[in-house]
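> Sending over a structure as structure tokens; questions will come in a sec.
The values are calculated or read from the model by the stated rules, or taken from the named source; none is laboratory data. Quantities reported herein were computed from a predicted structural model and do not represent experimental measurements. For neighbour counting, all protein chains shown are included, and Cβ atoms are generated from backbone atoms with ideal geometry for every residue, glycine included. Ligands, DNA and RNA are excluded from the accessible area calculation, which covers all protein heavy atoms including side chains. Shrake-Rupley method; radii C 1.70, N 1.55, O 1.52, S 1.80 Å.
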Amino acid sequence: MKIGRWQTPFEQGDLYITGLFWGGDFLLQLRSGKRYQIKNKPHPGVDLSLELFHLPSEGRYRLHYHSVSAFRMLDEHGLLELWQALSELGDEQGCNSRLIKDHAWSRESPISFFHGHSDGWSHLICTGDECVEVLCPSAPEIIYLGKCAAMED
């Protein structure tokens, strides 16, 4: 596995995934001929949107991914291979955003990686509990949504 740095405004400190939206218009046609069409595009031109809360800055961020070939969201059990590789580098869970390649998913889904990015890198967002890995030709657009104040008791 190869691990690269992906500099983001939220790469250090506690990070939480607060929303994930994938998809566009959905058309389902059953064998019976019955059809369903669901209009489902909150962000035109965007394949995948991810919303994050960064605790140290109290900042909210939205990431817009374009031309997504594949993505996956995993709980912490899916991170074991990554945590081991980072531990060998001496950086166990120091960064929330990473570039990775030549890992288990790339071996399990070689066609996705062949079509997804010319260098085989995927973009990974990690929290203490889950991660989202996205295979696309370029880094997502990062949009700062503002600060989120703590609620009063």
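> In region 1-66, which chymotrypsin sites (Phe, Trp or Tyr not before Pro) are in a loop and have at most 16 other Cβ atoms within 10 Å, using DSSP for the loop call?
Here no loop site has a sparse enough neighbourhood.
> Right, here's the next one. Would you please give the residues with an amide H less than 5 Å from that of T18, counting only those at least 5 places away or on a separate chain, with H modeled from the backbone geometry?
Placed amide hydrogens put E51, L52, F53 under 5 Å from T18.
> Let me ask something additional. Keeping every protein chain present and rolling a 1.4 Å probe, give me the accessible area per residue for region 1-47 in Å².
76 Å²
> May I pose another question? Which whole-Hz ³J(HN,Hα) couplings does region 27-33 yield from phi under the Karplus relation 6.51 cos²θ - 1.76 cosθ + 1.60, θ = phi - 60°, glycine and proline marked x?
10, 10, 10, 8, 4, 6, x
> Could you check the spin-label model distance between Q84 and A149? Points 7 Å from the Cα along Cα→Cβ, value in nm.
In this crude spin-label approximation the distance works out to 4.8 nm.
> May I ask you to evaluate 6.51 cos²θ - 1.76 cosθ + 1.60, the Karplus curve with θ = phi - 60°, for each residue of region 65-72 and list the ³J(HN,Hα) values in order in whole Hz, giving x for glycine and proline?
9, 10, 6, 6, 8, 6, 8, 8
> Explain nothing, just compute: Karplus ³J(HN,Hα) = 6.51 cos²θ - 1.76 cosθ + 1.60, θ = phi - 60°, for every residue of region 126-133 in order, whole Hz, x for Gly and Pro.
Once rounded to whole Hz, the list reads 10, 10, x, 10, 7, 8, 10, 10.
> What does the charge count near F53 come to, summing +1 for each Lys or Arg and -1 for each Asp or Glu among other residues with Cβ under 14 Å from its Cβ? Working shown, then result.
On the way: positive: R60, R62, K147; negative: D14, E51, E58, D129, E130.
Cβ neighbours under 14 Å give a net charge of -2.
> How large is the accessible surface of L30 in square angstrom, using a 1.4 angstrom probe and rounding to the nearest 10?
70 Å²
> I've got another one for you. At a Cα cut-off below 16 Å, give the lysines reachable from K39, other chains included and same-chain residues fewer than 8 away excluded.
Within the straight-line limit of under 16 Å, K39 reaches no lysines at all.
> Okay, moving on. Roughly how compact is region 6-52, stated as its Cα Rg over 2.2 N^0.38 Å to two decimals?
For region 6-52, the normalised Cα radius of gyration is 1.76.
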